[in-house]
Amino acid sequence: MTLETTVITGWPERREQVPIPTRECWLYQDEISLHNGVLFRNHRIIVPKLLQAEILSRIHSSHLGAESCLRKARDVVFWPGMSIEIKRKCCQLSDMCRFPSVQSSTATTNTQDPRQTLEQSSS
């Protein structure tokens, strides 16, 4: 049973009766609604697991840091554990931005002797 089905059919009386994938939404069941096939928690879209990685990438695309990314995300989207995932993603990517790999930071090496270049340009 999916979250959508649980919202349509109604929440069970006890958390243990909720299907395991949906249990993480138990605490805010009164805030979840379904409109035109889209699940919302209050005014924020609940992002399905299949789309969370893409949304994380889009949230971080502005490279504004974890707090700015969190503010941006909290305005429009939601999924259980979202804040932790955004912070983790931003930390991972900011480390990559601060310490790029040796290959990407190495300038193109010119193996030609500089004297040859001068000789060629003067001829």
Handout entry: Percent of alpha-carbon pairs separated by more than 13 Å within segment 1-46
Key = 49
Exercise for the section: Using per-residue counts of other Cβ atoms within 10 Å, averaged over each peptide, order 12-21, 46-55 from highest down. Expected result: 46-55, 12-21
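Every read-out reported here was derived from the displayed coordinates using simple, explicitly stated rules and does not represent laboratory data. The model shown is predicted, which means the values in this text are computed figures rather than measured ones. Quick reminder, even Gly has a Cβ in these numbers, built from the backbone with ideal geometry, and neighbours come from all protein chains shown.
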